[in-house]
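The values are calculated or read from the model by the stated rules, or taken from the named source; none is laboratory data. Keep in mind that what you see is a predicted model, and the values were worked out from it rather than measured. FYI the Cβ positions are ideal-geometry reconstructions off the backbone, even for glycines, and counts take in every protein chain you see.
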Amino acid sequence: MIRPAAGADLAALGLLWERYRIEADDSRFRDQASWGHWVLPRISAGDVRVGTADRTINSYVVWQRAASAGIAGGRVLRILELYVHPDGRGERLGSGLLARAIDAARQRECRAVALVSNIADPAVRALAAPFGFMPEGDCLVLALQRE
Ligand SMILES: CC(C)(COP(=O)(O)OP(=O)(O)OC[C@H]1O[C@@H](n2cnc3c(N)ncnc32)[C@H](O)[C@@H]1OP(=O)(O)O)[C@@H](O)C(=O)NCCC(=O)NCCS
């Protein structure tokens, strides 16, 4: 099941983030506390989704909408973290979380979605390709049609 994250999820998300940080080699934050200060406003803004199995959080995605001169020349939804715990992989949680991010980008009238973390990982590329993401600079980018 995939649902919006709530403030009460912060402790469970922090433990998952520790695994993500190591596996994705993401050094933006030095510890869980500083990551927590960053992610809590994102949770409040509705920019975090969690995946669960037996009510335990085992996956998450964090995005942020930003103006970008480079990518698609307009508003872009940047997927900053996307992670599925090794025990939960292969259950289509990654695809489901990515689809939620794309839905949010369409609702917020973004012109593109950009995956920005760990894009050299073959699993990340294999996950994103069927959605239409293409390499562009340091990102994998999905251009959205105007509807
Ligand atoms: C990439 C990741 C999110 C995939 O999550 P997942 O829930 O296992 O993915 P899904 O079950 O939705 O897989 C969907 C498709 O992606 C592809 N895929 C996923 N993992 C793959 C792998 N390890 N190797 C090859 N293809 C893979 C497959 O095509 C798969 O379709 P299939 O099941 O029909 O074969 C997960 O492996 C992960 O968290 N990896 C490390 C995280 C990371 O580095 N994140 C940084 C990016 S922001």
Show the residue pairs meeting these rules: Cβ distance below 9 Å; 6+ apart or different chains; first residue within the stretch 99-121 and under 15 Å from CYS139 (Cα atoms); second residue part of a loop (DSSP other than H, G, I, E, B) and near the ligand (Cβ under 9 Å from one of its atoms). SER117/ALA24; SER117/ASP26; ASN118/ALA24; ASN118/ASP25; ASN118/ASP26; ASP121/ALA24
Output yes when any residue across the stretch 120-134 is away from the ligand (no atom under 14 Å from the Cβ), farther than 26 Å from SER44 by Cβ and either in contact with a Lys or Arg (Cβ under 7 Å, 6 or more places away or on another chain) or not in a helix (DSSP H, G or I) (or both), and no when none is. yes
Where in the stretch 1-105 are there strands (runs of 3 or more DSSP E), lying fully within it, with 1 or more residues that are within 19 Å of LEU115 (Cα to Cα), within 15 Å of the ligand (Cβ to nearest atom) and acidic (Asp, Glu)? 74-84
Test: ALA66 is farther than 14 Å from TYR83 by Cα, at pLDDT below 95 and under 15 Å from the mean Cα position of the chain (by Cα): yes
Could you look through the stretch 7-51, keep only residues that are basic (Lys, Arg) and farther than 19 Å from VAL84 by Cβ, and pick out the one that is nearest to the chain's Cα centre (by Cα)? ARG28
